[in-house]
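The values are calculated or read from the model by the stated rules, or taken from the named source; none is laboratory data. Quantities reported herein were computed from a predicted structural model and do not represent experimental measurements. Here Cβ is always computed from backbone atoms with ideal geometry, including for glycine, and neighbour counts include all displayed protein chains.
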Amino acid sequence: MQSLQPDPNAQYRSVYEALKRIIQTEGVFRPLRGLNITMMGAGPAHALYFACYERVKRSLSDVIQSGGNSHLANGMAGSVATVLHDAVMNPAEVVKQRMQMYNSPYRGLLDCVRTITRTEGIGAFYRSYSTQLTMNIPFQAVHFMTYELMQEQLNPHRHYHPGSHIVSGAAAGAVSAAITTPLDVCKTLLNTQENVALNSMNISGHLTGMANAFRTVYRLGGLTAFFKGVQARVIYQMPSTAIAWSVYEFFKYFLTKQQLEQEAGPGQL
């Protein structure tokens with residue numbers, strides 16, 4: 001839905017229509033294309049992400065607001081964690097988006113990786129890395145600040161409370177996704193190098209850089225083009241961030257409880 005110059009057969013008015021027509025014309029598994037590469041990258045990326053977030057948040061909170069919860073520290077910690085996370089996920093994102101394009105020429109994951117490497121070089125997997133960071137750093141800063149703010153309201157004592165983690169995670173995902181949609185549209189254009197859009201602008205070669213992406217998007221569709229796919233993006237991010245925070249908070253609670261029990265010893269339980 002973020003395509004700037006879509007094929008006439010790939011123009012959709014809503015998320016429901018897009019999903020329905022994709023399944024009808026390309027099969028029930030077509031919307032899941034690229035899921036395997038996303039799953040391969042998500043594990044190590046999220047492990048780095050949350051480990052870095054907790055460590056940096058504790059360090060900055062002690063400096064900025066000793067003994068308290070600093071929203072500034074939360075936002076900064078999320079930004080630092082994003083740099084490591086995106087270094088792992090950016091290549092996976094490029095492959096996923098290439099495979100999900102309408103009439104994608106790739107037969108599968110390995111074919112996509114080989115073709116990109118052969119025709120565009122290894123650098124193609126990181127062509128949008130700076131753009132990804134430009135998008136994801138504000139996304140994660142807003143994301144973490146919103147989550148922590150919601151937790152202060154719904155779970156002020158910061159106990160393990162699944163319901164509050166789900167609601168806070170969903171709200172954080174929705175707010176941050178909506179705010180950063182213009183950046184995501186530009187990132188998608190850089191990742192996919194959408195031929196129809198670039199040819200219509202007489203752009204030869206590969207489009208590079210955030211500034212060029214912004215200019216191209218504006219010339220193709222004006223201000224409204226920057227919010228293409230905002231509904232789908234919010235719908236995708238809400239359950240995604242709700243699940244991520246719920247799983248994270250559960251394992252944080254479980255492992256902390258295990259550690260306390262081990263430190264207490266059998267005689268003190």
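Just give me the residues in segment 105-148 being under 30 Å from Gly75 (Cα atoms), of a type in the set (Ser, Thr, Tyr) and not in a helix (DSSP H, G or I), in sequence order.
Once the filter is applied, which keeps residues that are under 30 Å from Gly75 (Cα atoms), of a type in the set (Ser, Thr, Tyr) and not in a helix (DSSP H, G or I), segment 105-148 yields only Ser128.
Could you look through segment 66-80, keep only residues that are within 17 Å of Ala141 (Cβ to Cβ) and not aliphatic (A, V, I, L, M), and pick out the one that is modelled with the lowest pLDDT?
Looking at the filtered set, the residue picked out is Asn69.
Can you tell me which residues in segment 52-97 are small (Gly, Ala, Ser), over 20 Å from Thr188 (Cβ atoms) and touching a residue at least 24 places away in the same chain (Cβ under 8 Å)?
Gly75, Ala77, Gly78, Ser79, Ala81
Exactly one of (1) within 30 Å of Cys112 (Cα to Cα); (2) buried (at least 18 other Cβ atoms within 10 Å of the Cβ); (3) modelled with pLDDT of 80 or more is unmet by Val83. Its number?
Evaluating Val83 over (1) within 30 Å of Cys112 (Cα to Cα); (2) buried (at least 18 other Cβ atoms within 10 Å of the Cβ); (3) modelled with pLDDT of 80 or more leaves (2) as the failure.
Anything in segment 134-168 that is surrounded by fewer than 18 Cβ atoms within 10 Å (Cβ to Cβ) and among the aromatic types (Phe, Trp, Tyr)? List them, or say none.
Selection gives Tyr160 alone.
Checking Met210 against (1) loosely packed, with under 12 Cβ neighbours inside 10 Å; (2) aliphatic (A, V, I, L, M); (3) at pLDDT below 85, only one condition comes out false. Which one?
That leaves (1) as the condition not met.
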